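A short worksheet on the structure shown next.
Coordinate-derived values only; no laboratory data. It should be emphasised that the depicted structure is a prediction, and the values quoted were computed from it without experimental measurement. Backbone-built Cβ (ideal geometry, glycine too); neighbour counts: all protein chains shown.
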Amino acid sequence: MDALSWPAILAAMTLQLLPVWVALGLVFTVSRIYRRHLGLYGRLFDSPIGMTGFAIVMFWVFTAIFAPLIITHDPLAQLSGMKNALPGSALKSGADTLFPHYLLGGDALARDVFSRMVMGARDVLAIAPAATAFAFMVGITLGLPAGYIGGRLDTVLSFVSNLVLAFPVILLFYLLVTPEIQNTGPLIAGWRASIPNVMAAVLFGFPILFFCILWNSRFFTDPRRRNIYIGITLALGLWVYAGLAFNADPTGIWAMEPNLLNVFVSVVFVNAPTVFRIVRGLTMDLKSRDYVAAGQTRGEGPWYIMLWEILPNARGPLIVDFCLRIGYTTILLGTLGFFGLGVSPESPDWGSTINAGRRLLSVFPHPAVVPAIALMSLVLGLNLLADGLREESLKD
Amino acid sequence: MLRFLGRRIATMALTALCLTFVVFWLTNLPPNLEKVAKSEAGSRISDAEVASWLEKYGYSRPVFARYGEWLGVVPGHVAEGANGPEGRCILRGTDPAAAPRYCGILQGYWGWSNVFKEPVGKILATRLGLTGWLMFWVMAVMVPASLLIGVLAGMREGSKLDRSLSTVSIATTATPEYVSGVILVTIFASSVTGLKWFKGTATGAMDEITFENFFLPVMTIALYGIGYIARMTRASMAEVMTQQYIRTARLKGVRFRDVVIRHALRNALIAPFTVIMLQFPWLLNGVVIVETLFNYKGFGWTLVQAAGNNDIDMLLGCSVVAVLVVLITQLISDLGYAWLNPRIRLS
């Protein structure tokens, strides 16, 4: 087998990514046809910038979903003779069952760079949006009362959030994301009260709290319905909560490795104060509106006004910030990987791969450049998407 | 004004106390102290020996007392060593009797670095000097470039120039330092694929800064900031350009160039000023990444070494500096904003 030239490499990659193209084509056709009925999402297809961003983001989402179909080799398999192989190199040992080339070359441990990049998309896209969503839950649940009620509550919460914001991010990561930290702290009924575990127990509780307040404030006049909604929230929420925070899910579906939990909790912790500040600012701005005053005269409770009057009206900036923040979280995760913190060295996530590749950067750049470009394009897509959304949401 | 300043400084001091305490607590968790004991007294000692070593050198006291000692408000612990008294306040090779009772940050004593085998204060001074040069050049590149891009993009909103410059700034904000560093090195410094214009390492810049060895690290940090500041400047400029007085000036027949330079610029630069000041803490992040990537042994590199090698005093020293930088820039940004914007009154 000969080595492939660059056009041949690109053609082979395009072919490998076929499921992604099909899915992208479907989403775009359907969305464009029905775009007048899809609200803000539909209007995204009127703005070229937003559409480009959406296409890039969905490309990575579909790559992550179809990753097992796309990869050409096992991302952990080390094939002999392929150490630091250049892009397009043919396999040395000719097993017929394997894909005959390393499309984007091999890394320092003779693993396929292309497959690792594709599998890395899975890691990144599993953690970043989830961590951002948790940060938003925490920020919204605390930011709404801080902005609406104000007073001493606001002073205390703002002080704490400024405290976290003044903390240099990298230092915080170095202190929080170490393996030893998992083993310190008292043991309570078989559960280790280490700092990340305690933080997880607190932070992961916020979504449950948020939804319980959300249902209660709306349906407390109709106890039967309220009980059903809160019952469902509690059943689902506590199930996931027990699994993620206490590793005590009886069915074993929800569980997090200690390392991953460390990373996840620190990223949520770093992001939550910024969301808090944004929500607080928006709330302070919106609470002087007439509809809030009207709600107060009608005798609506404070939580009803916050969650059902103010929050829906603050959704525009929050959606835009959510997109930007996923990008920022991706960058943070990459930073963690770059310093070799948290995740295992075998993990194909982009930050760790860049870190592993930078040692031979001036001789064999491809193992580091491929994940670097992948990470950059995903964040760029998210930023463009946010820009498009902002433009479209400002139009009404 | 004075009351505002006083309140701000009091909050700052409280924040600094809280943050340094958190760092102190996190760096002095039992496993870290155990590592210290093992590195000082031998790696094969038993758990009981570790405990007695910690007891002897005062590490087993409550964390608040030890934080006070580090801060310099609680007398330093003195242990009976093999060659007379040993302790935090008794420097190696000095007379124990002449040692001060208090020795903490407040007395200017930063501690001893286990990794570099030097006093922390001395290391910090040299390393900060090196990082200072990096920061200076980053600012010298970043501020003019981003303001220029922002003003050019914002003065005619929606034009072709605006579209292309905005896309460039979005692209640079989407490129974190560890990505742009890798790409820049590959393009400009790699010995296989690159143009070999610059050096891929900045180790030489510690002795003598040249264009060849310092361009890539500076550009790597500056690029990430440029996009962000440029976008803020653009938004601010675009808003100013829609104001009544700009239209009036245009209708009076003032040239477009003069309107931009004389009427719009000063008002448009208020918002970016805060952003630039608040960018300093972010630069800290970039500095750590770039110094690691380019092997430039400044403050960021030291922080990584200290964190990786469990060098507690060094890490505490680094965090004090980092926290102070963040807090002082926040204060300057608030004051400067009020000073530049006459509509804001401090009270």
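Remark on B:TRP112: its backbone amide H falls under 5 Å from those of B:VAL120, a criterion applied only to residues 5 or more positions apart or on other chains, H modelled at 1.01 Å from N.
If you take the square roots of the eigenvalues of the alpha-carbon gyration tensor of the range A:129-169 and sort them as a ≥ b ≥ c, do you get rounded (a/c under 1.5), prolate (a/b over b/c) or oblate? Oblate, since a/c reaches 1.5 and b/c is not below a/b. Take each residue in A:224-237, count the other chain C-beta atoms within 10 Å of its C-beta, and the mean is 0. The mean number of partner chain beta-carbon atoms within 10 angstrom of a residue's beta-carbon across peptide B:220-231 is 0. For A:ILE33, neighbours were defined as the other residues whose beta-carbon sits under 15 Å from its Cβ, and their charges (Lys and Arg +1, Asp and Glu -1) total +3. Between the helical axis of B:270-294 and the longest alpha-carbon principal axis of chain B there is an angle of about 50 degrees. Lacking any other cysteine beta-carbon closer than 4.7 Å, the following Cys residues of the protein assembly as shown have no compatible partner: A:CYS212, A:CYS323, B:CYS18, B:CYS318. Compute the Cα gyration tensor for the range B:180-335, then decide on rounded, prolate or oblate, letting a ≥ b ≥ c be the square roots of its eigenvalues: rounded whenever a/c is under 1.5, prolate when a/b is larger than b/c in the other cases, and oblate in all that remain. Note, shape of the range B:180-335 comes out oblate. Looking at the square roots a ≥ b ≥ c of the eigenvalues of the Cα gyration tensor of the protein assembly as shown, which shape do they give, rounded for a/c under 1.5, prolate if a/b is larger than b/c, or oblate? Rounded is the answer for the protein assembly as shown, as its axis ratio a/c remains below 1.5.
Taking a Cβ cut-off of under 12 Å around A:TYR102, the surrounding Lys, Arg, Asp and Glu residues balance to a net charge of +2, with basic ones at +1 and acidic ones at -1. Remark: mean inter-chain Cβ contacts per residue of B:322-328 equal 3, using a 10 Å Cβ-Cβ cutoff to other protein chain atoms.
Work out the count of Lys pairs in the protein assembly as shown where the Cα-Cα distance is under 28 Å, with the pair 8 or more places apart or on different chains. Close lysine pairs found across the protein assembly as shown: 20. For B:ARG156, the amide hydrogen comes within under 5 Å of no other amide hydrogen, counting only partners 5 or more places away or on other chains and with H modelled in the peptide plane.
What the Cβ-Cβ distance of A:LEU238 and B:PHE21 gives, at R0 = 41 Å and to the nearest 0.05, is a FRET efficiency of 0.75. Sorted on the mean count of surrounding Cβ atoms within 10 Å across their residues, most packed first, peptides B:327-334, A:128-135, B:215-222 read B:215-222, A:128-135, B:327-334. Charge tally for B:PRO272 (other residues, Cβ to Cβ under 14 Å; Lys, Arg +1; Asp, Glu -1): +2.
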